[in-house]
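I have placed the structure first, in the form of structure tokens, so that the comments after it can refer back to it.
What follows draws every value from the coordinates through simple rules; no lab data is involved. As the structure is a computational prediction, the values presented were derived from the model and not from experiment. With ideal geometry, Cβ positions are generated from the backbone for all residues, glycine too; neighbour counts draw on all protein chains shown.
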Amino acid sequence: MIVLDSSAVLSVLLDEQQGDAVEGLMAGHATLCAPALLAYEVTNILSLHRRRTGDGALSDGALTQFSEWPWAFEAHCTLASLQAVARLCASHGLTAYDASYLELAQRRACPLVTFDQPLRRAAREQGIVVLPE
């Protein structure tokens, strides 16, 4: 199992150069894990892309592709997980959104796939494996 954030997922969906590396990582795992907010982050970016480019086919196809991946979405609604997210925000200057990916990777003891530099740095400081290397 690996945890993926929106920067990693969108690199694949928008066919960016680094997306190939993420696809390779995804292929090696039967389950992809993320906070439930990932679906909304991805939908938001694809909606903005549609408005900016007028390319509805790409957005629709990307959402279809996203929905077909083997996701295990988690909500961070327990007091313990919310407190852990708040501590990570305070310790690393992260948003609660970014800290939720880090908290999940920590709790599940699995690698975090992200291109977000502050999140990568915080994950390494917390002893989390960050991919791609």
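Conditions tested, residue by residue: (1) among the acidic types (Asp, Glu); (2) part of a loop (DSSP other than H, G, I, E, B); (3) under 24 Å from Ala123 (Cα atoms); (4) without any contact (Cβ under 8 Å) to a residue 12 or more places away in the chain.
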{"residue": "Leu10", "(1), (2), (3), (4)": "no, no, yes, no"}
{"residue": "Glu16", "(1), (2), (3), (4)": "yes, yes, yes, yes"}
{"residue": "Asp20", "(1), (2), (3), (4)": "yes, no, yes, yes"}
{"residue": "Gly24", "(1), (2), (3), (4)": "no, no, yes, yes"}
{"residue": "Leu63", "(1), (2), (3), (4)": "no, no, no, no"}
{"residue": "Phe73", "(1), (2), (3), (4)": "no, no, yes, no"}
{"residue": "Leu82", "(1), (2), (3), (4)": "no, no, yes, yes"}
{"residue": "Arg87", "(1), (2), (3), (4)": "no, no, yes, yes"}
{"residue": "Leu94", "(1), (2), (3), (4)": "no, yes, yes, no"}
Among the residues of segment 110-117, are any surrounded by 13 or more Cβ atoms within 10 Å (Cβ to Cβ) and of a type in the set (Ser, Thr, Tyr)? yes
Looking at this structure, is Arg51 exposed (fewer than 12 other Cβ atoms within 10 Å of the Cβ), part of a helix (DSSP H, G or I) and basic (Lys, Arg)? yes
I'd like to check something: does segment 2-25 contain any residue that is surrounded by fewer than 14 Cβ atoms within 10 Å (Cβ to Cβ) and among the aliphatic types (A, V, I, L, M)? no
Selection count where residues are β-branched (Val, Ile, Thr) and either closer than 14 Å to Asp5 by Cα or surrounded by 12 or more Cβ atoms within 10 Å (Cβ to Cβ) (or both), scope segment 67-109: 2
